[in-house]
1. Quick check on the range 658-681. Is at least one of its residues open to solvent by 60 Å² or more (accessible area, probe 1.4 Å), outside any helix (DSSP H, G or I) and modelled with pLDDT of 80 or more?
2. Picking from V214, V220, which residue would you name as being buried (at least 17 other Cβ atoms within 10 Å of the Cβ), more than 38 Å from the chain's Cα centre (by Cα) and farther than 20 Å from L130 by Cβ?
3. Among the numbered criteria (1) in a helix (DSSP H, G or I); (2) open to solvent by 30 Å² or more (accessible area, probe 1.4 Å), which one does S285 miss?
4. Name the residue that is modelled with the highest pLDDT, counting only residues in the range 400-419 that are in contact with a Ser or Thr (Cβ under 7 Å, 6 or more places away or on another chain) and open to solvent by less than 10 Å² (accessible area, probe 1.4 Å).
5. Considering each residue of the range 165-188, count those that are assigned to a loop (DSSP other than H, G, I, E, B), open to solvent by less than 60 Å² (accessible area, probe 1.4 Å) and at pLDDT below 90, and give that number.
6. I'd like the full set of residues that are in contact with a Leu (Cβ under 9 Å, 6 or more places away or on another chain) and open to solvent by less than 20 Å² (accessible area, probe 1.4 Å), limited to the range 592-624.
7. Considering every residue within the range 633-647, establish whether at least one is hydroxyl-bearing (S, T, Y), under 23 Å from N578 (Cβ atoms) and either open to solvent by less than 90 Å² (accessible area, probe 1.4 Å) or modelled with pLDDT of 90 or more (or both).
Amino acid sequence: MHFFIVLCMISLYLCSAVFSECNITSDLLQYTVANCKDKGLTSVPTNLPPDIKKLDLSFNRLSRLDANVFLRYQYLEHLMLDNNVIRVLHKTAFIGLSLLKYLSLSYNYLNVSDSYPSGVFRSLKTLLILDISRNMNTSEHNPYRIPVGELCYLREMSIDLVLNATFRQQFKNLHNLQKLRFDYCHVKILYNETFSDMPGNIKEFHMTTCKDFVVIEIGVLIPFPHLKVLNFTNSNIHLTQALRILHPFQHKSMDAILFRGITRSNIERDLDVVVLTLEMMKYISTICIKTLDLADNQIVSVRNKALISFKHPNCFEYIMLSSNSFSLTTWGVNPFWFVFTMQKIKMIDFSYFPLRFKTQVFLDVVRVNNHTIIHKLQYQGRWGVKNITVTFPNQIQVLRLTHIMANNGFREIKIINSSLRHLEVSYFETDVFPIITSEGFNSLEHLDLSGIGSDITFGAGKIPFLIHLKTLIMKETHLYRVLQTNASILSMCPNINNLDISYNYMWKINSLGQLPHLTQLNLSHNLFDAVPDVVTQFDSLYELDLSHNQLTTILKNIINWIDTQHTKYGTFKLYLSNNPLICSCGTTTFLRWILTTKVQLDKNGNYSCWVSSLKKINYTRTVAEDFHHYFIDCDSTIWIKLGISLLVSVLSTLICITLLYNFRWRIIFFFFRNIRKFAEKGLELNFDYDVYVSYSDDCIYFVKELQKKVEDEWGFKICFEDRDFVVGESIATERATAIHRCRHVIFLVSPSIVENEWTRFEIERAKYEKFSKNLQKIVVISRDIALYNIPLEFSSIWKDVLLI
C-alpha cells in the first residue's frame, strides 16, 4: 500500500513538472533550478518542486504578485522576475523567502512612489542583491517611498534615478550597502544634497545611462567618503564637470574612475571639446588610481604636461585613452618615459586617434611667376627626426595601439623580457609601420596586425619569432600579395591555434606553412570559389569559417576530410553562410551531406542557393529534403539508360562522320594548336591568351563583334582592357603584363588613335615583345584613317606586320 502511494506521488510530481512548462534541472550538489523563462505565464506556477533554489520567471506576462505566492518555495536563493508587466506588489508577496539572496524586478512598471507597500521586503532578511531598475519610463518628479530599510544586509542595489530625486531616511539605514547603480536616468541636475540620505559606506557608484545633459554641483559626491569605484560611462556629463567633483577624494586611493564617453558638446552651457589643463587635473592628479578610463571624451589637446601630472603613477594598472584627438607631442615630454614610472601597469589602450592622413593631397594655388616657392619639408616631431625606439615596461600584459592616423613618431617597438600577453598594432595609417623586436624571453599569446597593408614583414624583418603565440589576426593586410612571394610567412609563429586571415581578397592559397597546432581558421570575406586544398594539411583543425566567399559547392574530397576531422575530435564547426551556393544535379553529394552530417553548421545548414532547374533561389535543406521533386531527371532509371546507350550506339557512326566533315577545319586547327603549344613548351613559352586587342573608344562595338567571332566560333582567348584588366592596379603595368601573356597582338587603327596615348605605349611594348621573340604575329586593322595619320611607331616593324 505504501509503495502504491509513493508511486502515485512520483507520477503526480512528474506530471506537474510537465504541466508547468518549466525546465527543472539539478546538479550533483542538489542545487535545483526551475527555468520558466519566456513561457507566457500570467501567474506564478504553484506546482514546481518545493526544494528549488533558483527560479527564473523573466520574460513572461505577470502583472501582479499576490499574497503568499512564493510560500511553497522556502529554499529559494535566486528569484528573477524581470521583463514582465508587474504593476502591483502585495505586502506579503515575498513571505517565506527567508533564504533569498538575489531578487530582480527590472523592466516592469513599478513606480518608486507607490508600488512598494510598507513591509513588502520584511521577510527578505538575507537579501544581498536587489535590482528594481528600468521601471520608470517617465521624467516626472516622484519621491522615493521604497521600504529598503527592512533589508539590513543588502550589499548591491540597482534603481532608477528620477527627476529631482529625494531619498528618505530608509536609505540611510542600509549600513551594509556597498554598490549603488542608477539606471533609467531622468535627472537634469544633481544638487549637493541629492545623495545626502544615502549611507556613507558605499564603495561603488554607477550612473551610466544619463542621455540628457546633467548639471552637477561640485559637492554632490561628499556623502560617499569611502568611494572606490566611480562610473559615469556614457552619461552626458562632460569631462570638465566630472573632474571638478573629484575634490572629496584628493590624496585617497580609488580602484576605478570610469569617465568613458561622457563629453558631448553643449553650446547652451559653453561646453565644447576638451583641452586638458593642470587646473582641470588638480584633483584627480592627487588620487592613487588603479584603473583610469578617459576614452571617447573629445580631448583635443593636453597643456603643460597635464596628462602626466599624476602624483602616484606607480598605482596605475589599467589606462584607456582611446578615441580622442590629441597628439603625443602635446604631452610636453616623451610620454613613454612617463609609462616607465608606472611600476604596476598591466594594460594600455591608446587607439582610435584620427590625427593625420598618411598621404595628403593639397590644391596648389601658388604660381611660380609671383616669386613664391613652396618647398617640401621633412616632418620632424617634437623629439627631432622620427627615429625613436619605444621600449615598454616588462610588466605590461595588454597593449592596444589600433586605428591610428598620424605621423609615426617612432620607428621601433622593443619588448625586453616582457610579460606582454596581448598586443594589437592594427590599422596603422602612418607613413611607416614600426618594427617590432623582442629581446630575451617573450610571452606574447595574442597578436593583431589587421589593416597594416603591405608593411608586414616577419622574422628578421618587422615581426620577431613568437614561439608562444596562440592567436594571430591579420585582417585586411593584402595577404594575397605577401603569399605570392613568401609562402612561409607564418613560420615565425609555428604554435598558433587560431588564425584569422579574413577580408584579404584571396582567391587561392598554395601554402601557409607548417601549422601542426592550428585548430581554428577564419577565411571568411575572401574570393574563394572552391575550398582551398591547403586546409586539409592542418590535422588539428576543427573550426573553419568560409562564409562570405564565392563557393558554389563543396567537393567530395573536402567533405571526406571534414568528416574525418569530426570523427577524430568529436566536433567540427563549419561556416558557409553568404556564399552563392548552387542546388543542381552536380551538387547532389553536398546537398545530401548537409542532411546527414553531424558537423556543426551555421544557420543549421539551411543556406540560400540557386536552383538551376527552377531558375530561382531556395534553401539547401528544403531542396535536399525533397530532392527528387526539384531534380526529377538526376537519377535516371535503368531502362532509360539502356535506351540512351542503344540510341548512342546506332547514331554514333553517323554523328562522327558528320562531325568530321563539318568541322574538318576546326579539327585540323585543333591539332595545329596543340602541336604549337607542345613546341612552345619546348621553348619555355607560356601564354595565357591567344591575342591581345589594342583599340580606342570608337572601336568598342567592333571589339565585341571580334570577341564573338574569335572566342565563340574559333575557340581563341582574347584579352582586352574593358574585361580582363584588374581594377585598382597600375594601368601601365596591366597593359605591359597583358601583352606579355598573349601570343599575338591586334591593333585596331581608327581616327581616335591619334588622341590615345596608351596606343603608343602598347606599340612600343609589342615591339619589345616581338624583338624578344615572345610575340608571334602583329596584325594591324585600319579603318577610316589616312595613311599619314597612322602612328609612326609602326615604321620599325612594318616588315613584321600583317596589314588589313
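The values are calculated or read from the model by the stated rules, or taken from the named source; none is laboratory data. Remember, predicted model here, so these are calculated numbers, not experimental data. Every residue, glycine among them, receives a Cβ derived from its backbone with ideal geometry; neighbour counts consider all protein chains shown. These area figures cover heavy atoms from the full protein model, side chains too; ligands, DNA and RNA do not enter into them. Shrake-Rupley method; radii C 1.70, N 1.55, O 1.52, S 1.80 Å.
1. No, every residue in the range 658-681 fails to be open to solvent by 60 Å² or more (accessible area, probe 1.4 Å), outside any helix (DSSP H, G or I) and modelled with pLDDT of 80 or more.
2. On the way: V214 fails: more than 38 Å from the chain's Cα centre (by Cα).
Result: V220 is the single residue among V214, V220 that is buried (at least 17 other Cβ atoms within 10 Å of the Cβ), more than 38 Å from the chain's Cα centre (by Cα) and farther than 20 Å from L130 by Cβ.
3. The failed condition is (2).
4. Within the range 400-419, the match that is modelled with the highest pLDDT is T402.
5. Summing the residues that are assigned to a loop (DSSP other than H, G, I, E, B), open to solvent by less than 60 Å² (accessible area, probe 1.4 Å) and at pLDDT below 90 in the range 165-188 gives 4.
6. Scanning the range 592-624 gives I594, V599, G605, Y607, C609, T620, V623, A624.
7. Initially, the range 633-647 is screened for residues hydroxyl-bearing (S, T, Y), giving 636-637, 645.
Now narrow it down to the ones that are under 23 Å from N578 (Cβ atoms): none.
No, that holds for no residue.
Yes or no, residue by residue, for (1) of a type in the set (D, E, K, R); (2) farther than 19 Å from V726 by Cβ:
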position	(1), (2)
L469	no, yes
I473	no, yes
E476	yes, no
R481	yes, no
S491	no, yes
I496	no, yes
W507	no, no
